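A.B. asks: Sharing a structure with you now.
The values are calculated or read from the model by the stated rules, or taken from the named source; none is laboratory data. This is a predicted model, so every value here is computed, not measured. Cβ: placed from backbone, ideal geometry, glycine included. Neighbour counts: every protein chain shown.
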Amino acid sequence: MSIDVGDKAPQFSLPGSGDETISLPTDGSTSTVLYFYPKDDTPGCTVEAKDFTALADDFAELNCMIVGASKDTPAKHDKFIAKHQLNVKLVSDETGLLMENYGVWVEKNLYGRIYMGIERATYLIGADGNIKNIWRKVRVKGHAAKVLEAAKGLTLS
């Protein structure tokens, strides 16, 4: 499935860290950064989560919720959050349905081995539920700051 800027964001309600069920807000009050990452506690994924955590207060001032999604279990998310003192919500998409809905469950190629995996991608979803920006094949360094700048633009429109 492919979704584009301007499309309605696929809804979700998934188990998250801390025994919380996390859903995409539907009341028009909050925008959302939804970022997909391969696996808890790996180098790139840890840096990305820490970078979003470092900017969490700035996102909160914009009334923007940060949600990370991977196939890891809620228990694994809890350990990841505790180990790195993360301040982001993490959802568990063990079935992969959310990833398929957002088009990030893709064919990958590593040293000639072809397999299915999670493409590191981020979606900025406005309070109206529409996709405002998409970053695909994300390079972690500086990414959270770029997303924050785009989120600031939402408050001006």
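A.B. asks: Give me the pairs: first residue in segment 19-46 and closer than 15 Å to residue 9 by Cα, second residue aromatic (Phe, Trp, Tyr) and assigned to a strand (DSSP E or B), beta-carbon distance under 7 Å, and six or more apart or on different chains, which are they?
C.D. replies: Sorted first by the residue in segment 19-46, then by its partner, the pairs are 34/123.
A.B. asks: Next question. Can you give me the number of residues within segment 21-70 that are in contact with a Ser or Thr (Cβ under 7 Å, 6 or more places away or on another chain) and assigned to a helix (DSSP H, G or I)?
C.D. replies: Count: 0.
A.B. asks: Let me ask something additional. I'd like the full set of residues that are surrounded by 11 or more Cβ atoms within 10 Å (Cβ to Cβ) and outside any strand (DSSP E or B), limited to segment 122-137.
C.D. replies: Residues of segment 122-137 that are surrounded by 11 or more Cβ atoms within 10 Å (Cβ to Cβ), as a first pass: 122-136.
The answer is 126, 127, 128, 129, 136.
A.B. asks: Of all residues in segment 102-157, count the ones that are within 19 Å of residue 56 (Cβ to Cβ) and at pLDDT below 90.
C.D. replies: 3
A.B. asks: Can you tell me which residues in segment 99-121 are in a strand (DSSP E or B) and either touching a Leu at 6+ places or on another chain (Cβ under 7 Å) or of a type in the set (A, V, I, L, M) (or both)? Steps first, please.
C.D. replies: In the first step, residues of segment 99-121 are kept if they are in a strand (DSSP E or B); the result is 105-110, 113-118, 121.
Result: 106, 110, 114, 116, 118, 121.
A.B. asks: Shifting gears a bit: Out of curiosity, is residue 29 of a type outside the set (Phe, Trp, Tyr), surrounded by fewer than 13 Cβ atoms within 10 Å (Cβ to Cβ), at pLDDT below 95 and closer than 26 Å to residue 142 by Cα? Even if it seems obvious, please write down each step before you answer.
C.D. replies: Working: of a type outside the set (Phe, Trp, Tyr): yes; surrounded by fewer than 13 Cβ atoms within 10 Å (Cβ to Cβ): yes; at pLDDT below 95: yes; closer than 26 Å to residue 142 by Cα: no.
Here the answer is no, as residue 29 does not meet what is asked.
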